[in-house]
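To start, the structure under review is shown below, and the notes come after it.
Each value in this text was obtained by applying a stated rule to the coordinates, not by laboratory testing. These numbers were taken from a predicted model, which means no experiment stands behind them. Neighbour counts run over all protein chains shown; Cβ positions are idealised from the backbone, glycine included.
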Amino acid sequence: MLIDDTDRRILRHLLSEPGLATADLAERAGVTAATCWRRLERLVEGGILRGQHAVVDWRALGWAVEVSLRFTLDKTNPRAFDEFLDAARNVPEVIEIQTFLGRVDVRLNVIARDMGHYQEVYRDRILTLPHIADIESLMLVSTIKDSGSLPL
Amino acid sequence: MIALDDTDRAILRVLVADATQSAGAIGRSLGLSQPAAWRRIRRMEEAGVIAGRRIDLDTAALGFGVTVFLGVKLATKGRVSLEDFERAATAIPEVQTVQHVLGMYDYRLRVTARDLADFERVLRRRIMTLPGVGNVEANVLLSEERRPGPLG
């Protein structure tokens, strides 16, 4: 699907203010509401705009701890990735799963209510995941920027 | 921190899957009136549980084929303040996420680029020139999935 400058402008404004109503988005992007609506439809149909999702602030729900766990897997087992990922999907405290090319194979974003709870999750549900060769953890202190913006 | 009941959690699950759903549509699917669903959504927004909206774009189709996560260690802690680094990193358009972490790195950055050559340009001209930057580790993102988390 080909996109032009108008599509890019609409997407840029949508990314910078994701909650905007279509009429306001149209005004910011300098097009009519009808054009804006049609363009968004076309971007959805073309598979460019895949969806819009509410972002949950887990801290506001009392999940105060967020840790980024970086795994190296035992790659002598050809099923290591699949089995590890399947098991990780069954841990409710895992909110994000990413795979990488680099020194790290997989990263899991794990949340917990407090440090005591984190220790429990880590011992009972993380360390028991299959094919782990090494784990490093980074504890989140604060998120300074999280925009999902693109230099369109 | 607010307490959610089962109905709130059901609404949250719907909005995480598709934030464009109207209060009326959500109410109908859960057996609530439109005003009742709207009031519950509003309450979760006001409490900061619904922190905003994430736009999911097919970034590769838009010409951004590479996402790299960087672990950044500051070299000159104390001399250059964390604020200087954060301000400069946040201003880079290719940097989508800046997180302050505890562990073997001080910051985690999510960087998007057109291809590996473009990433190299961003790394050399923009990242390596950040105030106080020391050791940098790069991992190229292969896949990512977001999980509903403990909303069940």
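Structure data summary
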| read-out | value |
| --- | --- |
| R0 of 22 Å, Cβ-Cβ distance A:ASN90-B:ALA17: FRET efficiency to nearest 0.05 | 0.70 |
| Under 5 Å, built H, 5+ apart or other chain: amide partners of A:GLY46 | none |
| Taking all pairs of distinct alpha-carbon atoms in the stretch A:1-84, Kirkwood radius in angstrom | 16.3 |
| In range of the label at A:THR35: residues from the stretch A:1-18 whose backbone nitrogen is under 17 Å from the point 7 Å along Cα→Cβ | A:3-14 |
| Mean Kyte hydropathy of 1.6 or more with a Cα span along the axis of at least 20 Å, helices from DSSP in chain B | none |
| Between 0 and 90°, nearest 10: helix A:80-89 axis offset from chain A longest Cα axis | 70 |
| Number of partner chain Cβ atoms within 10 Å, mean per residue of A:70-82 | 1 |
| Model label zone, A:ARG79; criterion: amide N under 20 Å from point 7 Å along Cα-to-beta-carbon; scope the stretch B:112-152 | none |
| Reference-scaled alpha-carbon Rg (2.2 N^0.38 Å with N residues) for the stretch A:5-45 | 0.97 |
| Alpha carbon convex hull of the stretch A:27-152, projected area averaged over orientations, nm² | 11.1 |
| Mean projection area, nm², convex hull over Cα of the stretch B:6-46 | 2.4 |
| For A:97-110, mean number of other protein chain Cβ atoms within 10 Å | 5 |
| Amide H contacts of A:LEU152 (H built 1.01 Å from N, under 5 Å, at least 5 apart or other chain) | none |
| Kirkwood Rh and Cα Rg combined as Rg/Rh, the protein assembly as shown | 0.97 |
| Net charge over other residues, Cβ less than 12 angstrom from the Cβ of B:ARG126 (K, R count +1; D, E count -1) | 0 |
| Alpha-carbon centroid distance for the pair the stretch A:30-94 / the stretch B:89-117, whole angstrom | 18 |
| Centroid-to-centroid separation of the stretch B:1-26 and the stretch A:134-148 [C-alpha atoms, Å] | 26 |
| Calculated [θ] (222 nm, deg cm²/dmol) that DSSP helices of n ≥ 4 give over the protein assembly as shown, each run adding -39,500 (n - 2.57) | -9500 deg cm²/dmol |
| For residues of A:87-93, the mean tally of beta carbons on other chains within 10 Å | 2 |
| Between helix A:5-16 and chain A: long-axis angle, C-alpha atoms, 0 to 90°, nearest 10 | 50 |
| Protection-proxy order for peptides A:127-133, B:38-44, each taking the mean of Cβ atoms within 10 Å per residue, highest first | B:38-44, A:127-133 |
| Per-selection Kirkwood Rh - the stretch B:66-140 (Cα, Å, 1 d.p.) | 12.2 |
| Projected label distance in nm at A:GLU120 and B:ARG43, using a 7 Å step from Cα toward the beta-carbon | 2.6 |
